[in-house]
Amino acid sequence: MEESVLGTQTDEIKPPVTNVGIVGWVRANLFNGVFNSTLTIVAIFLLWKIIPPLFQWAFIDSVWYTTGKACRGIDGACWSVIPSNIRFIIFGFYPYDQHWRPFLAMIILFGLLFYSKDRNHWTKNLGYSWITGLVIMGILMKGGIFGLTSVESTKWGGLPLTLLLSFFGLTAAYPLGVILALGRQSKMRGLKVLCVLYIELIRGVPLISLLFMSSIIFPLFLPEGVTINKILRAQVAIILFTAAYIAEVVRGGLQAMSRGQYEAAEAIGLNYYLTMRLVILPQALKIVIPPTVSILISAFKDTSLVVIIALYDLLKTTQSVLSNPDWMGFSREAYIFVAILYFLGCFSMSKFSRKLEKELSAGEISG
Amino acid sequence: MPLDNTDFVEKNLRDHVPFWLDPKKRAIMFEIGVFCMVGLLAYYLVSNTLVNLEKQSIATGLGFINKESSFEIGESIISYSAASTYGRALVVGALNTLKVSFIGIVITLILGTILGVARLSSNWLVSKLASLYIEVMQDIPVLLQLFFWYALFYETMPSPRHALSPIAGLFLSNRGVAFAVPESNPVHKYIFLALVLGCAASWFISRWAKKRQDKVGKAFPTFRVTIGIVVGLPMATWLVFGAPIKMDVPKLTGFNFQGGMTFSPEFIALLLGLVLYTAAFVAEVVRAGIQSVNRGQREAAMSIGMRPAPILNLVILPQALRVIIPPLTSQMLNLTKNSSLAVAIGYPDFVSVANTTINQTGQSVEGVALIMTLYLIFSLSTSLFMNWYNKKAAIVER
């Protein structure tokens, strides 16, 4: 009797078709219950209403390589606005025959970024190669030596300008931010008040007010005869702005350090400077790498605000193409293109930040 | 005695350590040095500025506020004309900033909550769509989004003559969105009064109900009763006064709509850009808040026999809100700060009006200072609220 029961049990009973495979997945994830089924149907209906016309507009009825006039009569997207003006959109007023220089500089930047992605490459040599890379990029952009014709920075524009403002802005803001964070954590009352005031003041106002300050008040600050060009002034505003945010992030890292670390450093007789440089900051700054990448992302997006003070960054070059009578009215296409560029930049950075966060927290658990 | 010994050593040290090796004195000297440097820098900048202003013969001080502005502002909540003062123009700008921020915050909260919940939905399609939206919107600069919506509105909407009218009384054209509103009527004042009264009454009722429940343990259907009062009282007032339903419908006269209410394309583009961008961030905040409440909380509440609505109200929300509110307020503040981008598409917010003022009077220092002051007031009041909330919501531990 028992044997036969066991016998029937070992016979495999397959689950019903409705619970496995595609059908099972659809039932479990799209049609479990009345509410979810309704949601799915509504969502599919909306997608069906939106996607096919959009696809038709963007790919079927669209034109890619025509003149602006040929675009007027068609129903679809006029992507021609991008290939026809791509060099102006990307490089702005940089001399046409010298475009290879900012192009090469950007390639070096992307190469360095790509190489730095791997944490195994984070050594002293990487730091040196970044410094060398930045110098080479600067020489390429500015020229004037090694037989390169000199290009005034007022002519810099487009994507190189956007990248310069955000990456150089973050690099320069970082040390300032760390100093501010240390000041805020310091035991010296007056210094602390000064740092808190700076950080809260900057974080309380929109970036645009600082950019206004850089473009209209900053010239008043300087003695007569001294002028600083517009790009540098905007860069200073971005640095001052970003530093306050970095300071708050670094403060988070400093607060996460246990008291024991300070006490241990004191016990072996390290002074304040050595305690910070050898014990606290290396640990605190490592914790805050992911939020720092988020600040880089915001800085990258925020550089677009320089449009308002009439610097020719990526967005402004696009706008000036659109103000050309030949290409007027094709804003959607041009803005979508710029949006894709920004999206690619931000998305890859945020993906990297998330990966890093996972790696760092995993490292903490294992040891 | 060791104690005496250390005392002796300390005293000895105090007497013999030169002051530049005493950490306390050194700190004070360092501080004085920093303050001197900051002071010198400030003095240098201020004196340069004053010299430059004098050379360019630009007035200083806030005297311009009482002068005639002589520029028009496209939209305004209070009456304003070119003959009004700069002060009034700035108030108009500040009100416009508040208007777009307030409406924006309300819509963002609703949209962001829906998206955040949708992101956690067990429905695969809905969850994927929500996360796609969040990812894409977060990664595109808000200024670019503003330009996009503005261009879209301007380039694809028909002229007022061929305005789209999806619902009766609503007109979409490149001059903005015009819609019908109830015709102004003295009854509205009473309805508003009734609403205020209703709110006050429900506040008292909920307090009384809580007190009674604490005392005798008897629950009172507070939610249903207060909703009834808040909705019912104005409705009753409206009915008592003969239920006026006449609408003020926008009519096409000449090149534009007259009557009803109109939102300008600039306002719509700004609102759309701010809401769609910030909602993506709010959605992430809401998602994190909901995920922060342990599953066991819901299960425990269910096991002691609570029903779904009280579980949400008394167990889940109080814990989730503690996580949600602080980042949420900072998102609301971000929206308000980002509304300053209005200047790029020509919506007359505070920054835009201040910018015009600067261009006309040349008093850039005062103008930028005013902009910063207004936003500092916003952010200071937000952080005061946050401190109050954090104190109130802090976990009371035994």
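Using the crude model of +1 on Lys and Arg Cβ and -1 on Asp and Glu Cβ, and no other charge, please compute the dipole size for the protein assembly as shown relative to its Cα centre, in debye to 20.
Magnitude of the dipole: close to 1280 debye.
Give the Cα extents of the protein assembly as shown along the principal axes, in whole Å, largest first.
Principal-axis extents of the Cα atoms in the protein assembly as shown, largest first: 88, 87, 65 Å.
Could you please rank A:TYR272, B:TYR150, B:TYR347, placing first whichever residue has the fewest other Cβ atoms within 10 Å of its Cβ?
If I rank by nearby Cβ atoms, fewest first, I get A:TYR272, B:TYR150, B:TYR347.
If you wrap a convex hull around the Cα atoms of the stretch A:17-60, how much volume per residue is inside, in Å³?
Normalising the Cα hull of the stretch A:17-60 by residue number yields 75 Å³.
For the pairs A:LYS230/A:LYS351; A:LYS49/B:LYS246; A:LYS124/B:LYS128; A:LYS316/B:LYS67; B:LYS215/B:LYS391, flag any whose C-alpha to C-alpha distance is greater than 30 Å.
A:LYS230/A:LYS351; A:LYS49/B:LYS246; A:LYS124/B:LYS128; A:LYS316/B:LYS67
Which of the helices in chain A, when you take each full DSSP H run, stretch at least 30 Å along the axis at their Cα atoms and have an average Kyte-Doolittle score of -0.5 or higher?
Going by DSSP H runs, the hits are A:34-55, A:230-256, A:331-366.
Hey, got the average number of other protein chain Cβ atoms within 10 angstrom for residues in A:207-214? List each step's numbers first, then the result.
Details: counts 4, 12, 14, 3, 0, 11, 6, 0.
Shielding by partners across A:207-214 averages 6.
Excluding residues on the same chain fewer than 8 positions from A:LYS358, give the lysines whose Cα lies under 19 Å from its Cα.
Qualifying lysines at Cα under 19 Å: A:LYS117, A:LYS286.
Which of B:PHE241, A:PHE110, A:VAL338 sits farthest toward the positive end of the charge dipole of the protein assembly as shown, with +1 on the Cβ of Lys and Arg and -1 on the Cβ of Asp and Glu?
Positive-most Cα among the choices belongs to B:PHE241.
So what's the back-of-envelope 222 nm ellipticity for chain B, counting only DSSP H runs of four-plus at -39500 (n - 2.57) apiece and dividing by all residues, rounded to 500? Can you show the working numbers first?
On the way: 13 runs with 266 residues, N = 398.
The per-residue figure over chain B is -23000 deg cm²/dmol.
Return the long-range amide H neighbours of A:ASP313 (sequence gap of 5 or more, or a different chain), with a cut-off of under 5 Å between placed amide H atoms.
Residues meeting the criterion, in which the H sits 1.01 Å from N, are A:GLY158.
Looking at chain B as a GNM with Cα springs under 10 Å, which of B:PRO348, B:PRO182, B:PRO234 has the largest mean-square fluctuation?
Looking only at B:PRO348, B:PRO182, B:PRO234, the biggest GNM fluctuation is shown by B:PRO234.
Only Cα pairs within less than 10 Å get springs; with that Gaussian network setup on chain A, which residue of A:SER37, A:SER304, A:SER166 has the largest fluctuation?
Of A:SER37, A:SER304, A:SER166, the most mobile in the Gaussian network model is A:SER37.
Identify the chymotrypsin sites (Phe, Trp or Tyr not before Pro) of the stretch B:220-271 meeting these criteria: DSSP loop state and at most 13 other C-beta atoms within 10 Å of the C-beta.
Sites meeting the loop and neighbour criteria: B:PHE255.
If pairing requires two Cys Cβ atoms under 4.7 Å apart, which cysteines of chain A are left without a partner?
A:CYS195, A:CYS346
Longest exposed-loop-site-free stretch of chain A, with GluC sites (Glu not before Pro), DSSP loop and at most 15 other Cβ within 10 Å?
In chain A, the maximal stretch lacking such sites is A:225-367.
What is the sum of charges around A:PHE352, taking Lys and Arg as +1, Asp and Glu as -1, for the other residues whose C-beta is under 12 Å from the C-beta of A:PHE352? Don't skip to the end; give the middle numbers.
Numbers: positive: A:LYS117, A:ARG119, A:LYS351, A:ARG354, A:LYS355, A:LYS358; negative: A:ASP118, A:GLU357, A:GLU359.
So the surrounding residues net to +3.
Once each part is reduced to its C-alpha centroid, what is the distance from the stretch B:100-166 to the stretch B:268-298 in angstrom?
Between the Cα centre of the stretch B:100-166 and that of the stretch B:268-298, the gap is 13 Å.
7 Å from Cα along Cα→Cβ at both B:SER70 and B:MET247: what's the point-to-point distance in nm?
For B:SER70 paired with B:MET247, the spin-label model returns 4.5 nm.
What is the magnitude of the charge dipole of chain A about its Cα centre, with +1 placed on the Cβ of each Lys and Arg, -1 on the Cβ of each Asp and Glu, and no other charges, expressed in debye to the nearest 20?
1020 debye
If Lys and Arg each add +1 and Asp and Glu each add -1, what is the summed charge of the other residues whose beta carbon sits under 10 Å from the beta carbon of B:VAL92?
Local net charge: -1.
I need the peptides B:67-75, A:98-106 ranked by packing, meaning the mean over residues of other C-beta atoms within 10 angstrom, with the highest value on top.
The peptides rank, most packed first, as A:98-106, B:67-75.
In straight Cα distance, which lysines are under 16 Å from B:LYS337, not counting same-chain residues fewer than 8 positions off?
Here the lysines satisfying the reach criterion relative to B:LYS337 are A:LYS301, B:LYS99.
Considering the dipole of chain A built from charges on the beta carbon (Lys and Arg +1, Asp and Glu -1) around the Cα centre, which of A:CYS195, A:ASN19, A:ILE295 is farthest to its positive end?
Working it through, the farthest residue towards the positive pole turns out to be A:CYS195.
Between the stretch A:279-310 and the stretch B:310-377, what is the separation of their alpha carbon centroids in Å?
21 Å
Would you mind pulling out the separation of the Cα centroids of the stretch B:68-82 and the stretch A:77-124, in Å?
One Cα centre to the other: 46 Å.
I need A:TRP327, A:TRP48 ordered by Cβ neighbour count within 10 Å, fewest first.
Ranked by crowding around the Cβ, least crowded first: A:TRP48, A:TRP327.
When the dipole is taken about the Cα centre of the stretch B:210-275, and only Lys, Arg (+1) and Asp, Glu (-1) are charged at their Cβ, what size is it in debye, to the nearest 20?
The dipole magnitude comes to about 660 debye.
Cut-off is 10 Å between beta-carbons; in what order do A:TYR335, B:TYR133 appear when sorted fewest neighbours first?
Working: A:TYR335 23, B:TYR133 18.
If I rank by nearby Cβ atoms, fewest first, I get B:TYR133, A:TYR335.
Values quoted throughout were computed directly from the atomic coordinates according to the rules given, and no laboratory measurement underlies them. Note that the structure is a prediction, hence the values are computed from the model and not measured. Note that we place each Cβ from the backbone using ideal geometry, even for glycine, and neighbour counts take in every protein chain shown.
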